[in-house]
Amino acid sequence: MEAPKGGKGTSMKIRPIRDFVAVERDARDPNEKVNGLYIPGNLKDPLTRGTVIAVGGGTVTPKGMRVESELKRGDHILFGKVSGNEVTLDGKKVLLMREEEIYGVLEGEDLEGEDLEGEDLGGED
């Protein structure tokens, strides 16, 4: 799905709403060792790595209380290969998915020093 284009000389950003998260899929080897754990690329429903570029405001409970997201911009995450919906912003592919589609946040020294690559496509966190 191609996102609408902005005016001449403008760049588009996205600000997810509610419990949606904007993710940039990592172009890494699916059999890469992460924190001592091999994540094989031949799983029946393979997991994919990505980086959070923007986070929505959270969910609202049936009682009207707002629950903020556990994610933040720059988090490295694991999610299902078929999770989310892909859009193109300024020529870059971005996945929009619900927070519940994310299996977990990758942590550890293997990720230290890694930063978001490319342009800032996210809105406010």
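The conditions are (1) at pLDDT below 90; (2) under 25 Å from Val60 (Cα atoms), and Leu96 fails exactly one of them. Which is it?
Result: Leu96 fails condition (1) only.
For every residue, the table says whether it meets (1) surrounded by 15 or more Cβ atoms within 10 Å (Cβ to Cβ); (2) at pLDDT 60 or above; (3) part of a loop (DSSP other than H, G, I, E, B).
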position: Gly7; (1), (2), (3): no, no, yes
position: Arg18; (1), (2), (3): no, yes, yes
position: Val23; (1), (2), (3): yes, yes, no
position: Ala27; (1), (2), (3): no, yes, yes
position: Asn42; (1), (2), (3): no, no, yes
position: Thr51; (1), (2), (3): yes, yes, no
position: Glu86; (1), (2), (3): no, yes, no
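Restricting to region 45-101, name every residue that is of a type in the set (Asp, Glu) and touching a strand residue (DSSP E or B) at 6+ places or on another chain (Cβ under 6 Å).
Result: Asp45, Asp75, Glu86, Glu99, Glu101.
If you check Val82 against the conditions, is it at pLDDT 90 or above and over 9 Å from the mean Cα position of the chain (by Cα)?
Spelling it out, it is not the case that Val82 is at pLDDT 90 or above and over 9 Å from the mean Cα position of the chain (by Cα).
What are the residues in region 47-106 that are among the polar types (S, T, N, Q) and within 16 Å of Ile14 (Cβ to Cβ), if any?
Of everything in region 47-106, those that are among the polar types (S, T, N, Q) and within 16 Å of Ile14 (Cβ to Cβ) turn out to be Thr51, Ser69, Asn85, Thr88.
Can you confirm whether region 61-69 contains a residue that is exposed (fewer than 15 other Cβ atoms within 10 Å of the Cβ), of a type in the set (Asp, Glu) and modelled with pLDDT of 90 or more?
Scanning region 61-69 turns up at least one residue that is exposed (fewer than 15 other Cβ atoms within 10 Å of the Cβ), of a type in the set (Asp, Glu) and modelled with pLDDT of 90 or more.
Can you pull out every residue in region 73-82 that is farther than 10 Å from Thr51 by Cα and surrounded by fewer than 19 Cβ atoms within 10 Å (Cβ to Cβ)?
Listed by number, the residues that qualify are Gly80, Lys81, Val82.
Among the residues of region 85-99, which ones are over 13 Å from Val52 (Cα atoms), within 12 Å of the chain's Cα centre (by Cα) and of a type in the set (Asp, Glu)?
Glu86
Quick one: is Gly56 within 20 Å of Gly104 (Cβ to Cβ), touching a helix residue (DSSP H, G or I) at 6+ places or on another chain (Cβ under 9 Å) and modelled with pLDDT under 90?
So Gly56 does not fit the description; no.
The values are calculated or read from the model by the stated rules, or taken from the named source; none is laboratory data. What you see is a predicted model; the values in this text were computed from it and never measured. Cβ sites come from the backbone with ideal geometry, for glycine too, and all protein chains shown count toward neighbours.
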